[in-house]
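Take a look at the structure set out below.
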Amino acid sequence: MLQRMRGLYLLPLMTLALLVVSLLQPLSADAGSLGKTHLFKTKHQASPNAGVGNLSYHGGPVMSGTARAYAIFWEPGGSHVSSTYNSLILQYFGDVGGSSLYHNNTQYKNSSGNYPSSSVLGGSWVDTAAYPSGTLSDAQVQGEVTHAKQVKGWTSSIDNVFFVFTAKGENICSGSSCSFTSFCAYHGYFGSNTQYAAMPYTGTNLSACGVSTSPNNDFDADSTNNVTSHEQMEAATDPHLNAWYDLVGYEIGDKCAWQFGSTNSQGGDVVWNGHAYEVQKEWDNARRACVLSGP
């Protein structure tokens, strides 16, 4: 947050007032970053019409061209996930890259004019090793990413992002902010170029992180896919937390958190490759609005 405050004295008084109000919010809000992570607020803490103005570019990298998403399912023996949880998440990763929602990212370019244009599933792995603790720290989530890379031979790149999905009942804390009380998920990076996202099991607390309709008859998986979509779009346009965000630090997903489209005949608000999903809208600078289909 301090980095994002450089040039503060050059802002107009009205903007300064709005920024001060934003800074009074707790760090668990998705309005800013905590260390090298950026939090997605629960439904209870999210506010409508969040942020100030359009996203602006701050010079950092974006994921250009086709990005690769890696799914790490950390599910120790005896833990629980729904019967279609993993398969629906993998299906989402296979469908989202060619969607009109992902196409919205193409307007957010880096200093060379490159932009996120698509995404594919780079790989997946189920890790049945025990959790090191009842509540995982951010360092332990990062450690799981490093472990998965070693086991699977995956490599870090600005265009790669590693999603760590945990089982029901396992909480994650980043600093003093914890899952389901402060946030539903977060994205960030460590080292020089390892992008990742921490994805607690939304079915642990659907009142905090769940969707209101389940097109695939699996509220846990459909809710996690919505949260995953939020984090994936933010990782694509702001992977190192220094690219695209608005005057008070809200990223592309924050500004439209928990805003959905009309429910279609298949029970979701989008259909990609014949598969229905319930996913939140994302910010469109061109329209100055939240959309499910970008320019």
Check on SER157, within 28 Å of THR66 (Cα to Cα), in a loop (DSSP other than H, G, I, E, B), out of contact with any Cys (no Cβ under 9 Å at 6 or more places or on another chain) and at pLDDT below 95: no
Criterion (modelled with pLDDT of 95 or more and open to solvent by 10 Å² or more (accessible area, probe 1.4 Å)) met by exactly one of ALA286, ALA221: ALA286
Answer residue from segment 147-169, given it is surrounded by fewer than 20 Cβ atoms within 10 Å (Cβ to Cβ) and in contact with a Ser or Thr (Cβ under 8 Å, 6 or more places away or on another chain) and is farthest from VAL81 (Cα to Cα) among those: ILE158
Pairs with Cβ under 8 Å, 6+ apart, first in segment 36-62 and under 16 Å from TYR189 (Cβ atoms) and of a type in the set (D, E, K, R), second at pLDDT 95 or above and not in a loop (DSSP other than H, G, I, E, B): LYS36/GLY188; LYS36/TYR189; LYS36/PHE190
Where a residue in segment 101-129 is among the hydroxyl-bearing types (Ser, Thr, Tyr) and in a helix (DSSP H, G or I) and its partner, wherever it lies, is modelled with pLDDT of 95 or more and open to solvent by 70 Å² or more (accessible area, probe 1.4 Å), with Cβ under 9 Å and at least six apart: THR106/TYR115
Cβ-Cβ under 6 Å pairs, at least 6 apart or on other chains, segment 273-285 side touching a residue at least 60 places away in the same chain (Cβ under 8 Å) and farther than 20 Å from GLU231 by Cβ, far side acidic (Asp, Glu) and not in a strand (DSSP E or B): ASN273/ASP95
Segment 66-83: number of residues that are in contact with a helix residue (DSSP H, G or I) (Cβ under 6 Å, 6 or more places away or on another chain) and either surrounded by fewer than 15 Cβ atoms within 10 Å (Cβ to Cβ) or over 20 Å from GLY188 (Cα atoms) (or both): 1
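So which residues in segment 102-128 are closer than 30 Å to HIS80 by Cβ, touching a Pro at 6+ places or on another chain (Cβ under 9 Å) and open to solvent by less than 50 Å² (accessible area, probe 1.4 Å)?
ASP127
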Residues of segment 40-69 that turn out to be in a strand (DSSP E or B) and within 21 Å of PHE183 (Cβ to Cβ), as a count: 3
Residue check, ILE89 touching a residue at least 60 places away in the same chain (Cβ under 8 Å) and farther than 22 Å from GLY249 by Cα: yes
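The values are calculated or read from the model by the stated rules, or taken from the named source; none is laboratory data. Quick caveat, the model's predicted, so the values are computed rather than measured. Cβ sites come from the backbone with ideal geometry, for glycine too, and all protein chains shown count toward neighbours. Heads up: the accessible areas ignore ligands, DNA and RNA and are worked out on the full protein's heavy atoms, side chains in. Shrake-Rupley method; radii C 1.70, N 1.55, O 1.52, S 1.80 Å.
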